[in-house]
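What follows is a single structure, written as structure tokens, with notes after it.
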Amino acid sequence: DAGVIQSPRHEVTEMGQEVTLRCKPISGHNSLFWYRQTMMRGLELLIYFNNNVPIDDSGMPEDRFSAKMPNASFSTLKIQPSEPRDSAVYFCASRHREMNTEAFFGQGTRLTVV
Amino acid sequence: DAKTTQPTSMDCAEGRAANLPCNHSTISGNEYVYWYRQIHSQGPQYIIHGLKNNETNEMASLIITEDRKSSTLILPHATLRDTAVYYCIVRVRASNTGKLIFGQGTTLQVKP
């Protein structure tokens, strides 16, 4: 298996633009997590899905952030409009909930908002 | 989930054992101790987990004290590639969510 795949690996955008980050979980995994990492705040859980359904989005910073999981093999995290303080590395992770596997993380997307 | 306390940083000589401590004095009876690490510019990577018995796998050993209030991750022969941030996390293994709450971790620097 190729693991959790995130795209793009790097994104540079101007303030006010819409940004979409993508994640393909490991095949068969039915839980998906989005994390954000900054120097100041470390690794923060933004939202997680079970069986494509958002379960807890309490970590989403504000309404500018939204996440979707239209099917078991794809999820997106969208920021609209983006701001410089959104600059961070965004990680996606997946696991198999019923089999209680450990979480596997993607390589992350480094977002820079200028 | 219980909180954990780890030293901010540690050094280790290449080839020697690296012993990374973690305090989790408020751990509950059904909570496991998990260790992940994050090598620079990569996503976190699972290392090992345990409940109360000591555990060993190909990557590391986990020693949990009898009262379960602290644990130590042991990398028996540290290499330069083991330089990373190591996170100790406590959570219920059968959790419906499986979510991981990361602290600041310990930055391990393996030196030649």
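The values are calculated or read from the model by the stated rules, or taken from the named source; none is laboratory data. The structure presented is a predicted model; accordingly, all values stated were derived computationally and were not measured. Glycine also receives a Cβ, built like all others from the backbone with ideal geometry; neighbour counts cover every protein chain displayed.
Which one of the conditions (1) surrounded by fewer than 22 Cβ atoms within 10 Å (Cβ to Cβ); (2) within 19 Å of A:PRO8 (Cβ to Cβ); (3) away from chain B (no Cβ under 13 Å); (4) touching a strand residue (DSSP E or B) at 6+ places or on another chain (Cβ under 7 Å) does A:LEU77 fail to meet, given that it meets all the rest?
Result: A:LEU77 passes all but (1).
Of all the residues that make up segment B:52-95, how many are within 14 Å of chain A (Cβ to nearest Cβ), over 22 Å from B:ASP11 (Cα atoms), surrounded by 14 or more Cβ atoms within 10 Å (Cβ to Cβ) and among the hydrophobic types (A, V, I, L, M, F, W, C)?
Within segment B:52-95, residues that are within 14 Å of chain A (Cβ to nearest Cβ), over 22 Å from B:ASP11 (Cα atoms), surrounded by 14 or more Cβ atoms within 10 Å (Cβ to Cβ) and among the hydrophobic types (A, V, I, L, M, F, W, C) number 1.
Quick check on my filter: what residues within segment A:83-114 are facing chain B (nearest Cβ under 9 Å), under 20 Å from A:MET69 (Cβ atoms) and outside any loop (DSSP other than H, G, I, E, B)?
Of everything in segment A:83-114, those that are facing chain B (nearest Cβ under 9 Å), under 20 Å from A:MET69 (Cβ atoms) and outside any loop (DSSP other than H, G, I, E, B) turn out to be A:PHE91, A:CYS92, A:ALA93, A:ARG95, A:PHE104, A:PHE105.
Those residues that are in contact (Cβ under 8 Å) with a residue 24 or more places away in the chain and either within 23 Å of B:GLY29 (Cβ to Cβ) or over 11 Å from the mean Cα position of the chain (by Cα) (or both), I need them from segment B:52-70; list them, please.
So the first thing to find is which residues in segment B:52-70 are in contact (Cβ under 8 Å) with a residue 24 or more places away in the chain, and the list is B:60, B:62, B:64, B:68-70.
Passing the criteria: B:LEU62, B:ILE64, B:ARG68, B:LYS69, B:SER70.
Out of the residues in segment B:1-16 that are in a loop (DSSP other than H, G, I, E, B) and within 14 Å of the chain's Cα centre (by Cα), which is modelled with the lowest pLDDT?
Going through the qualifying residues, I end up with B:LYS3.
Let's see how each residue does on (1) farther than 28 Å from B:THR106 by Cβ; (2) within 11 Å of another protein chain (Cβ to nearest Cβ); (3) in a strand (DSSP E or B):
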| site | (1), (2), (3) |
| --- | --- |
| A:ALA2 | yes, no, no |
| A:GLU11 | yes, no, yes |
| A:ILE26 | no, no, no |
| A:PHE33 | no, yes, yes |
| A:LEU43 | no, yes, yes |
| A:PRO54 | yes, no, yes |
| A:MET60 | yes, no, no |
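If I ask for residues that are out of contact with any Lys or Arg (no Cβ under 7 Å at 6 or more places or on another chain), among the aliphatic types (A, V, I, L, M) and surrounded by fewer than 24 Cβ atoms within 10 Å (Cβ to Cβ), which ones from segment A:87-113 would you list?
Correct list: A:MET99, A:LEU111, A:VAL113.
Residues are listed down the side, and each one gets a yes or a no for (1) in contact with a His (Cβ under 7 Å, 6 or more places away or on another chain); (2) part of a loop (DSSP other than H, G, I, E, B):
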site: B:VAL33; (1), (2): yes, no
site: B:SER41; (1), (2): no, yes
site: B:ILE47; (1), (2): no, no
site: B:GLU58; (1), (2): no, yes
site: B:ASP67; (1), (2): no, yes
site: B:LEU73; (1), (2): no, no
site: B:ARG81; (1), (2): no, no
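Which of the residues spanning segment B:1-51 are among the charged types (D, E, K, R) and either buried (at least 19 other Cβ atoms within 10 Å of the Cβ) or within 14 Å of another protein chain (Cβ to nearest Cβ) (or both)? So that I can check it myself, show each step before the final result.
So the first thing to find is which residues in segment B:1-51 are among the charged types (D, E, K, R), and the list is B:1, B:3, B:11, B:14, B:16, B:31, B:37.
Result: B:ASP1, B:LYS3, B:GLU31, B:ARG37.
Within segment A:62-85, how many residues turn out to be closer than 14 Å to A:LEU111 by Cβ and under 13 Å from the mean Cα position of the chain (by Cα)?
Number of matching residues: 5.
Give the residues of segment B:71-93 that are more than 11 Å from the chain's Cα centre (by Cα) and either without any contact (Cβ under 8 Å) to a residue 12 or more places away in the chain or within 24 Å of B:LEU51 (Cβ to Cβ) (or both), sorted by residue number.
Here is the first cut: in segment B:71-93, the residues more than 11 Å from the chain's Cα centre (by Cα) are B:76-84, B:91-93.
Selection gives B:PRO76, B:ARG91, B:VAL92, B:ARG93.
Can you find, within segment A:64-113, the residue that is nearest to A:ASN51 (Cα to Cα) among those that are at pLDDT 95 or above and among the charged types (D, E, K, R)?
A:LYS68
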